[in-house]
Amino acid sequence: MHRWVYAIDASVRFFIRDISSFRLLIINAAIPIMVLSTYELLMNILNTYAEALITVATPYSGSIINNVIHFINSITYLVVAALIVVFIVTSIFMVNGLVRSLGSDLRALANIFRSRVSITTYVTLIMILISIYSFVLGISISAVLVLVIMKVLTTLNIIPIINYGISVTSALPALLPLIGVISVVYIIEGLTWVSRYDALP
């Protein structure tokens, strides 16, 4: 247990100290999270607005609105698939050395922690930290972006919503699988880099 506490503490310290070195990885993961989160938040707002319209619309118009909303919601799967493909492709470019700083960072990581817990543990923990940080960054930017979009739409009277507050938790069901994929890809990527320059114990 003590070794795990040390490993987590050392990984967090290393991540905080060298967070600027991981900025490309963080941005690379934050972009798909931001896109999907923005899409989900806007769709949730649209659903709320559509429900308000249906209450005052005729039954026929209500069914049309529901069908349109259902069709748009079904696009979510295509959006997720596209984001995953793009993310994996960009990560593969990183694994193949197009992002030179990544190799240096992880070689340094291997040298620093070689004498303690397995380097595999440290790489895994730090890549998870990068994924979590990317998640927080992406969803934060998305929330601000959606609020700005809604403010513009309501100011122009395009969507007459008085309260355009958003609920970030409403987007989590779609985001959690994506952050899981990002974490796994980054862990594999980190271990691949380390194994290239220094065999894992």
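Nothing in this text is a laboratory measurement; each read-out follows from the coordinates by a stated rule. What you see is a predicted model, and the numbers here were worked out from it, not measured in a lab. Using ideal geometry, Cβ is built from the backbone for each residue, glycine included, and neighbour counts are taken over all protein chains shown.
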Virtual spin-label span in nm between Leu172 and Ile188, 7 Å along Cα→Cβ: 2.7 nm
Linear extension gain, Val86 paired with Asn44, 0.36 nm per residue minus alpha-carbon span: 12.7 nm
